[in-house]
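First the structure, in the form of structure tokens, and then the observations on it.
The values are calculated or read from the model by the stated rules, or taken from the named source; none is laboratory data. What you see is a predicted model, and the numbers here were worked out from it, not measured in a lab. Cβ placement follows ideal geometry from the backbone for every residue including glycine, while neighbour counts extend to all protein chains displayed.
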Amino acid sequence: MSAHMIFEHAPIGATIGWSDGSPRPPERHRRKLDAWKTNNGQGRLIRKQGPRGVGFFDSHASFTLHEVDYGAGGVIAIRVHRTFALGSRLRFTIVECPAIGSIRIFDRAGDDAELVHLAPHRTAAEQWLSEHGYPNAVLNEVTADEVAADVVEGRAAA
């Protein structure tokens with residue numbers, strides 16, 4: 001799939017894989033492997049940003065994936081996010097869609113909202129919120145209609 005197809009059809013919370021199509025180098029080639037990992041990986045879709053025009057500046061549409069967290073002892077020190085423009089030459093796949101009934105927790109309402117957690121059910125979402133102070137959080141349930149639309153229109157996860 002193209003980046004544009006992911007932007008249009010992948011639900012927030014889906015796990016998205018990206019690739020440049022090149023074969024993975026052997027483990028012994030550390031530099032080549034590190035470079036390969038830059039263009040081949042996966043992450044959770046946390047945000048879609050539409051095009052914005054402010055004065056002479058025009059920001060193109062893009063989407064952001066949460067790739068990994070680094071930390072220790074339950075404390076996250078660094079979060080790695082990747083933002084891809086719709087014109088990206090990489091190829092994308094929907095690895096996994098969020099389960100029906102799971103709860104998406106957004107940091108705030110509106111178009112600029114970002115997914116901060118995907119809980120398996122409402123009780124788990126409320127528990128997570130009580131432990132992680134997001135005062136303007138918005139809860140959104142993944143519905144069967146979202147998944148059914150993807151299957152009917154031929155966009156089932158690969």
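Quick notes
- Residue check: Ser62 meets all listed conditions (1) more than 23 Å from Gln127 (Cβ to Cβ); (2) at pLDDT 95 or above; (3) surrounded by 18 or more Cβ atoms within 10 Å (Cβ to Cβ) but one, namely (2).
- For segment 18-34, the set of residues classified as of a type outside the set (Ser, Thr, Tyr) and part of a strand (DSSP E or B) consists of Trp18 only.
- Candidates Ala77, Ala113 - the one that is surrounded by 12 or more Cβ atoms within 10 Å (Cβ to Cβ), more than 12 Å from the chain's Cα centre (by Cα) and more than 28 Å from Gly21 (Cβ to Cβ): Ala113
- Pick from segment 134-158, criterion assigned to a loop (DSSP other than H, G, I, E, B) and of a type in the set (S, T, N, Q), ranking: modelled with the lowest pLDDT: Thr143
- Across segment 1-17, the qualifying residues are those that are assigned to a helix (DSSP H, G or I) and touching a residue at least 12 places away in the same chain (Cβ under 8 Å), and the one among them that is nearest to Gln49 (Cα to Cα) is Phe7.
- Scanning segment 116-139 for residues that are exposed (fewer than 13 other Cβ atoms within 10 Å of the Cβ) and within 17 Å of the chain's Cα centre (by Cα) yields one hit, Pro120.
- All positions within segment 87-143 that are touching a helix residue (DSSP H, G or I) at 6+ places or on another chain (Cβ under 8 Å), touching a residue at least 24 places away in the same chain (Cβ under 8 Å) and over 23 Å from Gly41 (Cβ atoms): Ile100, Ile103, Ile105, Ala137, Leu139, Glu141
- Top-ranked residue of segment 82-102 - restricted to ones that are exposed (fewer than 14 other Cβ atoms within 10 Å of the Cβ) and not aliphatic (A, V, I, L, M), ranked as nearest to Ala10 (Cα to Cα): Thr83
- Set Gly71, Gly17, Gly13, Gly41: member being in contact with a Lys or Arg (Cβ under 7 Å, 6 or more places away or on another chain) and either surrounded by 15 or more Cβ atoms within 10 Å (Cβ to Cβ) or not charged (D, E, K, R) (or both): Gly13
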